[in-house]
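A.B. asks: Take this structure, written in structure tokens, and hold onto it; I'll ask about it next.
The values are calculated or read from the model by the stated rules, or taken from the named source; none is laboratory data. Worth saying up front: this structure is predicted, and the values here are computed from it rather than measured. Cβ placement follows ideal geometry from the backbone for every residue including glycine, while neighbour counts extend to all protein chains displayed. Note: accessible area is taken over every heavy atom of the protein model, side chains too, but ligands, DNA and RNA are not part of it. Shrake-Rupley method; radii C 1.70, N 1.55, O 1.52, S 1.80 Å.
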2 protein chains.
Amino acid sequence: MRVSRKSIEEMHRVRRLNLINGITGIKPANLIGTYSKQYGSNVSIFSSVVHLGSNPPLLGFILRPTGEINRNTYDNIRETGYYTINHVHETIAEKSHYTSAKFDHGESEFERCGLTEEYLYDFSAPFVQESYVKIGMKFKEEVLIEANDTRMIIGEIQEIILPEESMDDKGYVRLDKIFDVGIGGLNNYYSLKRIASYPYARVEEVPPFRN
Amino acid sequence: MRVSRKSIEEMHRVRRLNLINGITGIKPANLIGTYSKQYGSNVSIFSSVVHLGSNPPLLGFILRPTGEINRNTYDNIRETGYYTINHVHETIAEKSHYTSAKFDHGESEFERCGLTEEYLYDFSAPFVQESYVKIGMKFKEEVLIEANDTRMIIGEIQEIILPEESMDDKGYVRLDKIFDVGIGGLNNYYSLKRIASYPYARVEEVPPFRN
């Protein structure tokens, strides 16, 4: 089935949103926690967290044009310079999903969505207690994407908190062991099952594949 | 278990790579296809494709500093202005993984990895025939991330080709029905099972959650 550029443009707005939001494949499910002196804590789900580099350890995520949704997350990061990234697992998927509702300024998504804010190691932004993997981030840089006025927020990892048994002997996080979920589009949640692990790909070790 | 910034820095290089590459959660598995007049076609796996916006339909992906790996992908996109993004499913996961080997310039990853290049609708970059979801992209913009000299390559969707039965009545792609995989870290592959679908989150419809 072919969906041309023209038919994407002519599609109903909601159908286009659903299709394009889901077209990249599976996306990670993370809760971003922030704090504001005036309005208190904030937590919101994001499916756009991306690895940028390991040394220094840098992660990015995408924010829609400011003034729209997730304005609080952006304002709080710029105010304090710190935020947290917390994995979503099966048990908290529904609660996490509802953090995307447009709550009033000052209303706590933590309370309304039944999640618990947690402060660890003098880190100034709130972690999500229920998450198994929690990452403390320091704001580093923002880049503007001119094509549609979105921003990538870039931060450096300061802390990682995770269950010891979720890390294998090579340092990999076994996402299935901590019941991590992925997001498809805007509202489909998927569980994960590990099916394979392949070695680092060296040219001289490529198997004799055929089409 | 706490992994502080200091212990990340002091970690063995490979262990740090594995941990930080896997710390964001599940990542999408996509093959990016390009073409160069001089060297022919190229295909390489990427786990950093990210949705940027639906109208216009924009996707981004992360490229390590040029001069390192995936140099061909970058050069070809800048030469021709076009590229393709193709989903990886269970049957082609191993072949797709090996496209990350550093093949010689002019050596075709398609041939060496047993994947088939396909040209559709006069699109100048090669699609991956075996993929169920194929996206034709036009280069739009690149942004430099100064913190570690990586780039985000931004493109506009021109074409989407997908099986009709993979799209549900709302326009969502059902990733489980096309056996899409996700990547954890650098070399763990996961299959997906849909566990839930939640409605668009409105404040007045948030269930009465408790911690």
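A.B. asks: Skipping prolines and chain starts, which residues have an amide H placed within reach, meaning under 5 Å, of the one on A:Thr150, given they are 5 or more residues away or on another chain?
C.D. replies: Here the answer is A:Ile145, since their amide H atoms fall under 5 Å of that of A:Thr150.
A.B. asks: Would you list, by chain and number, the aspartates and glutamates whose Cα falls below 12 Å from the Cα of A:Lys102, excluding same-chain residues fewer than 8 positions away?
C.D. replies: A:Glu68, B:Glu204, B:Glu205
A.B. asks: Straight distance only, please: which lysines reach the Cα of A:Lys134 with their own Cα at less than 19 Å, same-chain residues fewer than 8 apart left out?
C.D. replies: Counting by Cα, and skipping residues close in sequence, A:Lys134 has these lysines nearby: A:Lys27, A:Lys95, A:Lys177, B:Lys6, B:Lys27.
A.B. asks: Where is the GNM fluctuation largest for chain A (alpha-carbon springs, 10 angstrom cutoff): A:Asn188, A:Asn42, A:Asn86?
C.D. replies: A:Asn188
A.B. asks: Within 10 Å of each Cβ in A:84-95, how many Cβ atoms from other chains are there, averaged over the peptide?
C.D. replies: Working: counts 0, 3, 1, 4, 1, 1, 2, 0, 1, 3, 4, 5.
For this peptide, the per-residue mean of nearby foreign Cβ atoms is 2.
A.B. asks: Applying 1/(1 + (r/R0)^6) with R0 = 35 Å to the Cβ-Cβ distance of A:Gln38 and A:Arg194, what FRET efficiency is obtained, to the nearest 0.05?
C.D. replies: On the way: r = 44 Å, r/R0 = 1.26.
Efficiency, from the Cβ-Cβ distance: 0.20.
A.B. asks: Under a straight-distance cross-link criterion of Cα-Cα below 19 Å, which aspartates and glutamates are reachable from B:Lys37, leaving out those fewer than 8 residues away in the same chain?
C.D. replies: B:Asp75, B:Glu79, B:Asp104, B:Glu107, B:Glu109, B:Glu111, B:Glu117, B:Glu118, B:Asp122
A.B. asks: Solvent-accessible area of B:Asp169, probe 1.4 Å, all protein chains present, reported in Å² to the nearest ten, please.
C.D. replies: 130
A.B. asks: Mind listing the phi-derived Karplus ³J(HN,Hα) values for segment A:120-125, rounded to whole Hz, using 6.51, -1.76 and 1.60 with θ = phi - 60°, and x for any glycine or proline?
C.D. replies: 10, 6, 6, 6, 7, 9
A.B. asks: What are the ³J(HN,Hα) values, in whole Hz, obtained from phi via the Karplus relation 6.51 cos²θ - 1.76 cosθ + 1.60 with θ = phi - 60°, for each residue of segment B:109-115 in sequence order, with x given for Gly and Pro?
C.D. replies: After applying 6.51 cos²θ - 1.76 cosθ + 1.60, I find 4, 4, 5, 5, 9, x, 10 Hz.
A.B. asks: OK, next. Between A:Ile23, A:Ile77, A:Ile160, where does the largest GNM mean-square fluctuation fall for chain A, given springs only between Cα atoms within less than 10 Å?
C.D. replies: Maximum fluctuation in the GNM of chain A, among the listed residues, is at A:Ile23.
A.B. asks: Give me, ordered by chain and number, the residues 5 or more places off B:Ser100 or on other chains with an amide H under 5 Å from its own placed amide H.
C.D. replies: Amide H neighbours of B:Ser100: B:Ile45.
A.B. asks: In nm, what does the list of distances from A:Glu79 to its counterparts in the other copies look like, shortest first, when each label sits 7 Å along Cα to Cβ?
C.D. replies: Copy-to-copy label distances at A:Glu79, shortest first: 5.1 nm.
A.B. asks: Another question, if that's okay. Accessible area per residue for the protein assembly as shown in Å², computed with a 1.4 Å probe and the full protein assembly in place, what is it? All intermediate terms of the calculation are to be shown ahead of the outcome.
C.D. replies: Values: 17330 Å² over 422 residues.
Averaged over the residues of the protein assembly as shown, the accessible area is 41 Å².
A.B. asks: Below 8 Å between Cα atoms, with a sequence gap of 6+, how large is the relative contact order for segment A:13-152 in percent? Mind dumping the intermediate values first?
C.D. replies: Values: 237 pairs, mean separation 38.3, N = 140.
Relative contact order for segment A:13-152 comes out at 27 percent.
A.B. asks: Find the sum over both chains of the accessible area lost when B and A are paired, probe 1.4 Å, and report it in Å² to the nearest 100.
C.D. replies: So the buried area, both faces added, is about 10500 Å².
A.B. asks: Here's a follow-up. Shortest first, in nm, what separates the label point of A:Ala196 from those of the same position in the other copies (7 Å along Cα→Cβ)?
C.D. replies: 3.1
A.B. asks: Still on this structure, please answer the following. Averaged over peptide A:157-164, how many Cβ atoms belonging to another chain are found within 10 Å of each residue's Cβ?
C.D. replies: Other-chain Cβ atoms within 10 Å of each residue's Cβ, averaged: 5.
A.B. asks: Enumerate the amide H contacts of B:Ile195 below 5 Å, restricted to partners 5 or more residues apart or on another chain; note that Pro and chain-start residues carry no placed amide H.
C.D. replies: Counting only residues 5 or more places away or on other chains, the set is A:Tyr189, A:Tyr190, A:Ser191.
A.B. asks: To the nearest 500 deg cm²/dmol, what mean residue ellipticity at 222 nm is calculated for the protein assembly as shown from DSSP H runs of n ≥ 4 alone, each contributing -39,500 (n - 2.57), summed and divided by the residues? It would help to have the intermediate numbers written out before the result.
C.D. replies: Working: 10 runs with 71 residues, N = 422.
Helices in the protein assembly as shown give a 222 nm mean residue ellipticity of -4000 deg cm²/dmol.
A.B. asks: Now for a different question. Once the convex hull of the C-alpha atoms of segment B:24-193 is built, how many Å³ does it hold per residue, rounded to a whole number?
C.D. replies: On the way: hull volume 20.6 nm³, N = 170.
Taking the convex hull of the Cα positions in segment B:24-193, it is 121 Å³ per residue.
A.B. asks: With a 1.4 Å probe and all protein chains kept in place, how do A:Arg13, B:Arg78, A:Arg112, B:Arg174 rank by accessible area, largest first? Walk me through the numbers before you get to the answer.
C.D. replies: Values: A:Arg13 150, B:Arg78 120, A:Arg112 75, B:Arg174 40 Å².
Listed by decreasing accessible area, they come as A:Arg13, B:Arg78, A:Arg112, B:Arg174.
A.B. asks: Please list, in order along segment A:166-179, the HN-Hα scalar couplings obtained from phi with the Karplus expression 6.51 cos²θ - 1.76 cosθ + 1.60 (θ = phi - 60°), rounded to whole Hz, x for Gly and Pro.
C.D. replies: 8, 9, 7, 5, 9, x, 6, 7, 8, 5, 6, 5, 10, 6
A.B. asks: Taking A:His12 in one copy and the same position in all the others, each labelled 7 Å out along Cα→Cβ, what are the pairwise distances from the first, in nm, shortest first?
C.D. replies: Taking the point 7 Å beyond Cα along Cα→Cβ, the inter-copy spacings are 5.6 nm.
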